[in-house]
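The numbers here are math on the coordinates, done by the rules we state, and not lab data. No experiment lies behind these values; they were computed from the predicted model shown. Positions of Cβ are generated from backbone atoms using ideal geometry, with glycine treated the same way; all protein chains shown enter the neighbour counts.
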Amino acid sequence: MSSSSNPTSSAYKKAVEKLGLKPNIARALELPDRELTVEVPFRKDNGELESVIGFRVQHNNTRGPFKGGIRYHQHVDIDEVRSLATLMTWKTSLLDIPYGGGKGGIGVDPTKFSKTELERMSRRFFRAIDPVIGVNVDIPAPDVNTNAQVMSWFMDEYSQIHGYSPAIVTGKPLELGGSEGREAATGKGTAVITRETSEKWGIDLKNCKVVIQGFGNVGSYAAKFLHEYGCKIIAVSDVSGGLFDPDGLDIPSLFDHNYQNRTIDGFDQGKKITNEELLALECDFLIPAALGSAINDSNVDSLKCKVIVEAANGPVTGDAANKLWERKIAIIPDILTNAGGVTVSYFEWVQNLQQFKWTEDEVNKKLEEKMVNAFDEVYTIKKEKSVPMRIASFMVAIDRVHSAYHLREG
Ligand code: GLU
């Protein structure tokens, strides 16, 4: 990824400039602490040996243990994992939770393997990164194409070596020490941030038009909660394509359909549209909740939304973000919007360490409070310094890491 197309590095540069950080400090905070690449050999169901490459990048642990998910995707490489690990440092800092940032991944298309093959691959990967992780060192979690089942295998593998250790990963099933509210947390946080944005941007939440790209864990729960707030979700999409209804889709039924079938395909409401058509729809909020760089040079000019709420990690490239700023289309950045997931991961870890369980209401109340506080903090800086929300978010996050770094380094 070039630095102009990488949203993290261009926002980082602008934010450190605004904060007036010295170049040597800016460099120290930008460089990852450690990068591990591992070979992951595993046996396929037919007895053949398969080898894939896995990564764990630990970006910064000044404010607490490294924290971040592990994704399985054919596009995963060291550059992507590094950039996502860096985002996690700013995300945990922005939400003021006591973690640093890390990320992991395996460059593999998981749809090509059976469940038993994925289990053997997952266990082997976790064993390979065992020397660098730990309950107070580095705590992985789910990300693209990994879920509570994969976390169970990770937790079991680690516990076989080190003894029962639920706090080694978050995003676990409830039966194994997972937290109430974790599965819905990223989507819920996205909905809360959209609600706060609507207030500041003078958009009436009731009946405002929302378009969501991606209907996985994040997109589907964001749709569910925004629908409950009274928003009209006029279009959604997944890898099978998009669905559009100008009067608003029946989200509760679509949510159930997707939960059962793992796709929106086959749902009997809405006109079928392409991904490009979906991005070009006129709406109040466009929520990209799929993969990185979804909004880029090739499609940015077609956008007709008022605000982009970045539910995925890095869905708007740096160049596209500059064009949107000129057109006065606001971007509410990923490190704020999708921070609900890692926030409830933190709550899960705290419950595991205390061997105690909170109710769903307690979790949701604390999540809501964290998200609203972070939003207000960013909005205040945006107004004070006349900068976009993305730069304001990075300024708050970098400043907090920098203060801790300064105290520790002397
Ligand atoms: N993968 C999620 C993210 O990008 C969650 C990470 C976590 O819970 O540690 O924020």
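Every Cα-Cα pair in region 1-153 was counted, and those over 28 Å apart are 24% of them.
Panel order for Met371, Met88, by other beta carbons found within 10 Å of each beta carbon, from fewest to most: Met371, Met88.
Ordered by the count of other Cβ atoms within 10 Å of each Cβ, fewest first, Ser165, Ser83, Ser302 give Ser302, Ser165, Ser83. Of the trypsin sites (Lys or Arg not before Pro) in region 316-368, which ones lie in a loop per DSSP and count no more than 15 other C-beta atoms within 10 Å? Taking region 316-368 and a limit of 15 other Cβ atoms within 10 Å, the loop trypsin sites (Lys or Arg not before Pro) found are Arg327, Lys328, Lys357.
Excluding Leu226 itself, what net charge comes from residues whose Cβ is under 12 Å from its Cβ, given Lys and Arg +1 and Asp and Glu -1? So the surrounding residues net to +4.
Just so you know, the averaged projected area of the alpha carbon convex hull for region 213-270 sits at 3.3 nm². P(r) tail, region 282-410: Cα-Cα pairs separated by more than 26 Å, 34% of all pairs. Site pair Ser253 and Val372 shows an inter-label distance of 3.4 nm when each label is modelled 7 Å from Cα along Cα→Cβ. Structure note, pairs Lys115/Lys232; Lys224/Lys385; Lys14/Lys323: Cα-Cα distances above 27 angstrom occur for Lys115/Lys232; Lys224/Lys385. Taking every C-alpha pair closer than 8 Å and separated by at least 6 residues, the mean separation divided by the residue count of the chain gives a relative contact order of 17 percent. Computed from label points 7 Å out along Cα-Cβ, the spacing between Leu174 and His162 is 2.7 nm. Of the chymotrypsin sites (Phe, Trp or Tyr not before Pro) in region 130-196, the ones in a loop by DSSP (not H, G, I, E or B) with at most 15 other beta carbons within 10 Å are Tyr164. Treating each Cα of the chain as an identical point scatterer and summing with the Debye formula, the log10 of I(q)/I(0) at q = 0.10, 0.13 Å⁻¹ comes to -0.64, -1.11. Modelled this way, with points 7 Å down the Cα-to-C-beta line, the labels at Val132 and Trp201 are 3.7 nm from one another. Put in order of Cβ neighbour count within 10 Å, fewest first, the listed residues Leu176, Leu49, Leu31, Leu95 become Leu49, Leu31, Leu176, Leu95. With the convex hull of its Cα atoms as the shape, region 18-72 has an orientation-averaged projected area of 5.7 nm².
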